[in-house]
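Okay, structure first, notes after.
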Amino acid sequence: MNSDLKEGTARETVGKLREGAGGALGDARVQTQGAADQIAGAIQHGFGQIKENAKTVADGSTSLGDVGHAARKLGRQITDTLQEQLGDAAPTYTLAGAIVFLGVAILWAGRDRN
């Protein structure tokens, strides 16, 4: 398990706790920061999962079809987290995030070839 998987999961968990604490205390700022941490954690966890999947394809222990399935599942999880936090604005943020995420993944994949 790589550091992005661990840190993303931890950040998501802390975000949930922070959001709950902000709601209980009536502190909108803390609640919003918690929601943002959840989103960032989900994205970081997703990036870590992509790195793990790339390793398994590189060593031949899994197929690209399996990676595609895992990527779709991950996309649904991130979309669900965004929908939960952002409501109707989620599709716009999901598209923007997917574009940025794809760019980072391409840069990361190309990094090892140079």
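The values are calculated or read from the model by the stated rules, or taken from the named source; none is laboratory data. Owing to the predicted nature of the structure, the values given are computational and were not obtained by experimental measurement. Positions of Cβ are backbone-derived with ideal geometry, glycine not excepted, and every protein chain shown enters the neighbour counts.
Within region 66-84, residues that are on the phi > 0 side of the Ramachandran plot and basic (Lys, Arg) have Cβ atoms under 7 Å from residues that are assigned to a helix (DSSP H, G or I) and buried (at least 17 other Cβ atoms within 10 Å of the Cβ) in no pair, counting only partners at least 6 apart in sequence or on another chain.
The listed residues are Ala105, Ala21, and the only one of them that is modelled with pLDDT of 75 or more and surrounded by 10 or more Cβ atoms within 10 Å (Cβ to Cβ) turns out to be Ala21. The single condition from (1) more than 10 Å from the chain's Cα centre (by Cα); (2) part of a helix (DSSP H, G or I) that Gly60 fails is (2).
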